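The next block holds one structure in the form of structure tokens; read it before the comments.
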Amino acid sequence: MNLLGLLLNMISMLPFPILHRLSDVSYFLVYVILGYRKKTVRENLRRSFPEKTEHEIIAIEKGFYRNFCDLMFETIKTSTIRKEEVLERCRLENPEFVEKLFQGGANVAGISSHMGNWEWLSLALSLSSRFKFLAVYKPLANSKLNKIVVGSRERFGAIFVPIKKLKVILDRSHDQPYLVGLLSDQAPHDYAKAFEFPFLNQSTYFVPGPGVLCVKRDLTPIYGWIRRVGRSRYEWKLEHLDEVIPAYLELTQEERTQVDRFSKAHRLSQEETVRALVITRKFVRRLEEEIKMAPQDWLWSHRRWKSR
């Protein structure tokens with residue numbers, strides 16, 4: 001184990017009360033002293049909540065940085081946290097949900113976001129189902145750090161799949177039902193091939209992958225939300241994401257334009273593209289609802305609207 005890995009492992013073995021004190025110190029350094037991405041965070045908040053006063057914006061901002069620092073140490077803790085601690089600190093409201101889908105013969109796409117502690121959501125999913133859990137991720141540039149991070153994420157049975165290898169892995173996954181985990185609120189790389197929806201008072205592009213994957217692989221889409229209920233304590237729930245699929249002519253003119261463009265870009269039929277759009281639109285609406293309920297829990301330091 002290299003020096004970085006040794007240091008992170010030593011920190012991870014500390015009890016939560018000490019980790020929370022370290023987080024408090026980090027908050028002072030990251031927010032008060034360094035102002036890490038403060039300009040980006042405040043601009044994102046102002047654009048997303050134009051109805052809020054500056055006092056309210058700053059209160060959300062401070063809450064975000066406190067949670068962000070807790071998240072850093074919770075993520076480090078991932079490498080040594082015990083199963084019992086995960087299940088006790090990350091409580092699932094409906095543990096039978098995925099099992100019923102698998103028993104019905106479905107393969108599942110679990111679509112979620114950078115809310116709360118998405119790292120622990122992966123751990124909790126691993127422990128909540130006896131079926132294969134494939135978590136899609138983008139490898140870190142630092143290979144040594146990437147190996148450490150992936151190793152901690154896979155401790156309880158999850159298989160972390162680099163996004164470029166997903167097709168190959170799914171082609172081989174015929175031995176048992178599987179759930180593909182996707183974080184789908186990041187900015188897309190190719191805006192010409194992305195869906196666009198109103199989101200937090202702004203026109204926003206969303207990655208098309210989850211909807212396309214559900215259509216091409218005949219996956220059942222579900223939404224996984226996670227909510228902070230205390231320091232390093234969360235509750236989460238899974239729910240159906242699919243809606244009744246409307247006919248093409250029942251869409252708005254703007255949506256039909258998107259379908260026409262999207263079907264050509266991804267070589268999908270009109271019907272397939274409408275379903276991909278509806279899945280993505282439902283995810284966007286649910287995510288917006290969750291963010292409005294707990295705005296301090298979303299990852300505001302990400303330059304989500306950089307397409308401007």
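Here the Gaussian network model covers the chain, with springs between Cα atoms less than 10 Å apart; of 219, 134, 251, 251 fluctuates the most. To the nearest Å, what is the center-to-center distance of region 253-308 and region 20-79, using C-alpha atoms only? A separation of 26 Å, based on Cα centres. The Cβ shell under 14 Å around residue 296 holds other residues with a net charge of +3, Lys and Arg each +1, Asp and Glu each -1. Among 233-242, 50-59, 121-130, sorting by the average number of other beta carbon atoms lying within 10 angstrom of each residue, highest first, gives 121-130, 233-242, 50-59. Couplings for region 209-218, taken from phi via the Karplus curve 6.51 cos²θ - 1.76 cosθ + 1.60 with θ = phi - 60°, read x, x, x, 5, 4, 4, 6, 6, 9, 6 Hz in order; Gly and Pro are left as x.
For Rg and Dmax of the Cα atoms in Å, the value calculated from this model appears in (1) 17.7, 58; (2) 21.8, 97; (3) 19.8, 60 under label (3).
For residue 171, neighbours were defined as the other residues whose beta-carbon sits under 13 Å from its Cβ, and their charges (Lys and Arg +1, Asp and Glu -1) total +4.
Explain nothing, just the number: relative contact order of region 3-77, from Cα pairs under 8 Å at least 6 residues apart, as a whole percent. Show your work: numbers first, answer last.
Values: 38 pairs, mean separation 37.1, N = 75.
That works out to 50 percent.
Residue by residue, region 194-207 carries 3J(HN,Hα) couplings of 9, 7, 10, 9, x, 8, 6, 6, 9, 6, 9, 8, 10, 4 Hz when phi is fed to the Karplus relation 6.51 cos²θ - 1.76 cosθ + 1.60 (θ = phi - 60°); x denotes Gly or Pro. Ranking of 185, 218, 24 by neighbouring Cβ atoms within 10 Å, starting from the fewest: 218, 24, 185. In sequence order, region 23-29 has phi-based couplings of 5, 4, 5, 4, 4, 4, 6 Hz under the Karplus curve 6.51 cos²θ - 1.76 cosθ + 1.60, θ = phi - 60°, and Gly or Pro positions carry x.
For residue 160, the residues whose amide H sits under 5 Å from its own are 135, ignoring neighbours fewer than 5 places away on the same chain, with H placed 1.01 Å from N.
Over region 57-175, calculate the relative contact order: mean separation of alpha carbon pairs under 8 Å at least 6 apart, over the residue count, as a percent. Walk me through the intermediate numbers first.
Values: 77 pairs, mean separation 31.6, N = 119.
Relative contact order of region 57-175: 27 percent.
Near residue 204, the amide H atoms lying under 5 Å from its own belong to 197, 199; only residues 5 or more places off or on other chains count, and H is placed 1.01 Å from N. Residue pairs exceeding 21 angstrom between C-alpha atoms, taken from 38/193; 167/216; 38/164: 38/193; 38/164. As a calculated quantity, the FRET efficiency between residue 83 and residue 20 at R0 = 22 Å, using C-beta atoms, amounts to about 0.55. Taking a sphere under 12 Å around the Cβ of residue 157 and counting the other residues whose Cβ falls inside, with K and R at +1 and D and E at -1, yields a net charge of +4.
Each value in this text was obtained by applying a stated rule to the coordinates, not by laboratory testing. This structure is a prediction, so every number in the text was calculated from the model and none was measured. Cβ: placed from backbone, ideal geometry, glycine included. Neighbour counts: every protein chain shown.
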